[in-house]
Amino acid sequence: MELIKRNIHMDRVKRSTVMQFTMEEDLNLPEDKPDISTLNLEKGEVVIEEICPGTDEVTVRGKLGYAILYHTRESGSSLVLLGGALPFEERIRMEGVLPSDTVTVEGTVEDFTVTMINSRKLSLQALILLSARIEEIYDEELPVGIQGEDTEAGVEYRIAPMEVTQLAICKNDIFRKKEEIPLPSSYPNIYQILWSNISLRDVEFKPQEEKLAIQGDIQIFVLYEAEGEDRAIRSYETTLPLNGSLECQGCRENLLPDIRYTLLRQEPGQQTLTIQPDLDGEERILGMECALELNIRLYEEEQIDILRDIYGVKNEVIPDTRQTSVRQLLTRITGKTKITDHAGTNIDGPILQILHSEGTASIDHRDITEDGIRLQGSIDLTVLCITEKDETPYVSTRIQIPYEYLLSVPGIGDTDQAEVHCEMEQLQVNLIDKEEVDVKAVLSFSTTVMKSTEFMAIEEVTEQEIDSAVLAELPSAVIRVASAFASSSAFFFASASALACAAAFASAAALAAAAALACASASAFAREYAFAAFVTSSDVSTVPTEAFRLEESTATGCSSAAAFAAVTALTVMTAAISLAASFRKEIDICVTLLISGENVPDHRGPVTAKCRSVFGFVTVLSVFCFRTVTYYTSRFPVCQIL
């Protein structure tokens, strides 16, 4: 017997781990750089160059790129940029990883500190976090039917619909954006760029037919030295729209995107903006080229009919099952929170103006709760200010603001897969007084929650003839029917005795009440008997008896627990109603016999009696009801009353 199977394309995180390490290095200034007066701005970025998986460990090689802006008192420019990179090599312990695995490593700088040892020497200290994980793409084979679907072969099966979220598109790509940004006419020409920063805001991805639409905002800041004898320091800040599309074969509008992106940086120490001449040959145009490295995952929701159970009518069908799981989309949700705070600065001297602010938001801790995902993290800000000092007017300060947010995800569990992305949509830093600033930020959180549903899947089916010896050893209906009699017959015959007593005292009201009580107990007895007969019929043979064969047209008969529960309710109810009706008919006959005292014939046999005593009535009623039980028993060949 061949099963029809379907492959479900899915992905999962096989292993994941994180590690921290520190880097400390003393830097000597190159000979062409002037002496350091005071430090102004610094930032560090991790560039991963090589990932080498081994056995139970991963070797990571990369660089820590740094950029340091400092003041000098020597003639010429008052601000000088120092850039470079420090190589590193680290081994990440990851149990279960193999050389053939594909490992993804992301590096972030959690803390970067630069201190001045002397005017020609600096000390760098960095705390770096490496996050490694193994993402595995696999196929799960699920049975969806039987080859040929030959119903004459005596095989019945049950199909159940199931929602499945499968991976439709999985790839990595790069989206590039080039722009030329002319300076406003009020700004002087550019001599050299001292500091620049490019950040993305409100980035969204929308699947379309055969392409992926991308939109958002690009925020640009540049601090430059102007042309002229005084070499004035000027800054310029603007926002550009990020619009475009990326070719994506097989993409459709109904797919669910889960896309992670990283803004690729230039080589460590190089500027992200370039100086270009305009039509007049003047250096007034900023050339920008940003590249987004995209990790694209597009999912598709589909309802699939799964073969959940199977049984044989003529032969014994044995399904071989295994434990498996499929992923189902629980929800895709986005949440936003507004953070406001007043923060003091550690700047020596009063602040005249805030020139620029930039920052990143990070998630330090997450917990799964009944209401959703509780997130804890911080916003790390760098604020560039202008002070009253003429010799060193540009000073920066760092501000860290903690936050806590509950991302509402109803129904999420501890085993569900949910990777939360955090972005800073808005940032505004205003000067309150000469020593305090007001920070307003809007954070956006988004996640796609996948629930793993486990079940027993049929792997293959074995068909064989029913063993007659095993069939003969199965228990008969005697014990089951005796159990049915034990639970209801006492109440049944006690009701009959009450009926006879009421008749003996010639009380019409008592007679009616006792008759109703007898009918109720007869119905309970009938249901017990019908259930016992049904259970026995289902246990001893895969072929339903004549009384239950009718139910095959309305429910799928099956020897498993799942199908048995569905069939029992309808079958027992039908049989019990028929049996109870016969009992009530016998009670009516006996009540008539009791009142009239006449001989009452019956179509099944010549049982008659005259009864005015309690003992006589119970005897007659017992004979009539036992005759009904015997009649129904004859319809069940596998259920014989001894």
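Which of the GluC sites (Glu not before Pro) found in the stretch 1-74 are in a DSSP loop and have at most 14 neighbouring Cβ atoms, other than their own, within 10 Å?
The qualifying sites are Glu2, Glu31, Glu74.
Going 7 Å from the Cα of Glu237 along its beta-carbon direction, which residues of the stretch 429-454 have the amide nitrogen within less than 12 Å of the resulting point?
429-431, 440
Provide the per-residue ³J(HN,Hα) series for the stretch 305-321, in order, calculated from phi with Karplus coefficients 6.51, -1.76, 1.60 and θ = phi - 60°, each as a whole number of Hz, with x at glycine and proline positions.
7, 9, 6, 9, 7, 8, 8, x, 8, 8, 10, 7, 10, 10, x, 9, 10
Give the ranking of Val58, Val18, Val420 by solvent-accessible surface, highest area first, calculated with a 1.4 Å probe.
So, going from the largest accessible area down, we get Val18, Val420, Val58.
Which whole number in µm²/s is D for the stretch 92-177 by Stokes-Einstein, with the Kirkwood Rh taken over Cα pairs at 20 °C and 1.002 mPa s?
This corresponds to a translational diffusion coefficient of 106 µm²/s.
Spin-label point model (7 Å from Cα, Cβ direction): what's the Lys338 to Glu465 distance in nm?
8.1
Averaging the inverse of every distinct alpha carbon separation and then flipping it gives the Kirkwood radius. What is it for the stretch 86-233, in angstrom units?
23.8
So how far apart, in nm, are the two label points at Ser378 and Arg91 if each is 7 Å from Cα heading toward Cβ?
Roughly 3.2 nm, to one decimal.
May I ask you to rank Asp217, Asp101, Asp32, Asp371 by accessible area, largest first, using a 1.4 Å probe over the protein chains only? Write out the running numbers ahead of the final one.
Numbers: Asp217 55, Asp101 30, Asp32 125, Asp371 100 Å².
Of Asp217, Asp101, Asp32, Asp371, the descending order of accessible area is Asp32, Asp371, Asp217, Asp101.
Per residue, how many Å² of accessible area does the stretch 92-186 show with a 1.4 Å probe?
54
With Cβ to Cβ distances under 12 Å as the rule, what net charge do the other residues near Ala457 carry (K, R +1; D, E -1)? The partial results should precede the final answer.
Numbers: positive: Lys5, Arg6, Arg308, Arg322; negative: Glu140, Glu141, Asp309, Asp320, Glu454, Glu459, Glu460.
Every neighbour counted, the sum reads -3.
Express the accessible area of the stretch 285-433 per residue in Å², computed with a 1.4 Å probe while the remaining protein chains stay in the model. It would help to have the intermediate numbers written out before the result.
On the way: 7260 Å² over 149 residues.
Accessible area per residue, the stretch 285-433: 49 Å².
Please state the relative contact order of the stretch 359-480 as a whole percent: Cα pairs under 8 Å, 6+ residues apart?
Dividing the mean separation by the residue count of the stretch 359-480 yields 20 percent.
From largest accessible area down, sort Leu279, Leu298, Leu352; use a 1.4 Å probe on the protein chains.
Leu279, Leu352, Leu298
Ratio of Rg to Rh for the stretch 292-356, alpha carbon only, Kirkwood? Kindly include the intermediate steps, with their values, before the conclusion.
Values: Rg = 29.9 Å, Rh = 20.9 Å.
Reported Rg/Rh, Kirkwood definition of Rh: 1.43.
As a test of the definition: which semi-axes, in Å, follow for the stretch 259-414 when you take the square root of five times each eigenvalue of its alpha carbon gyration tensor? Largest first, please. Provide the component values of the computation, followed by the final result.
On the way: eigenvalues 610, 135, 27 Å².
Listed largest to smallest, the semi-axes of the stretch 259-414 are 55, 26, 12 Å.
With every protein chain in place, what's the accessible area of Lys389 (1.4 Å probe, Å², nearest 10)?
Accessible surface of Lys389 is approximately 90 Å².
So if I take the centroid of the Cα atoms in the stretch 324-382 and the same for the stretch 128-197, what is the distance between those two points in Å?
One Cα centre to the other: 25 Å.
Work out, step by step, the length gained on full extension between Gln249 and Glu163: first 0.36 nm times the residue separation, then minus their alpha carbon distance; give nm to one decimal.
28.5 nm
Taking 22 Å as R0, compute the FRET efficiency from the Cβ-Cβ separation of Leu431 and Thr274 and round it to 0.05. Write down the numbers at each step before the final one.
Details: r = 32 Å, r/R0 = 1.46.
About 0.10, to the nearest 0.05.
Once you list every other residue whose beta carbon is under 12 Å from the beta carbon of Arg176, what net charge do they have if Lys and Arg are +1 and Asp and Glu are -1?
Cβ neighbours under 12 Å give a net charge of -2.
Using a 1.4 angstrom probe and counting only protein chains, how large is the accessible area of Leu98 in Å², to 10?
80
Starting from the 7 Å offset along Cα-to-Cβ, what nm value, one decimal, do you get for the label separation of His365 and Asp139?
4.5
Principal axis extents for the stretch 1-43, Cα atoms only, whole Å, descending order, please.
85, 20, 19
Send over the Kirkwood Rh of the stretch 1-153, from the inverse of the averaged 1/r over different Cα pairs, rounded to one decimal Å.
Radius from the Kirkwood sum: 19.5 Å.
What's the local net charge at Cys290, with K and R +1, D and E -1, over the other residues with C-beta under 9 Å away?
It works out to a net charge of +1.
Quick one: Debye curve from the C-alpha atoms of the stretch 335-399, no solvent, what's log10 I(q)/I(0) at q = 0.13, 0.28 Å⁻¹?
-0.51, -1.25
The values are calculated or read from the model by the stated rules, or taken from the named source; none is laboratory data. Quick caveat, the model's predicted, so the values are computed rather than measured. All Cβ positions, glycine included, derive from the backbone under ideal geometry; neighbour counts span all protein chains shown. All accessible areas refer to the heavy atoms of the entire protein, side chains included, with ligands and DNA or RNA removed. Shrake-Rupley method; radii C 1.70, N 1.55, O 1.52, S 1.80 Å.
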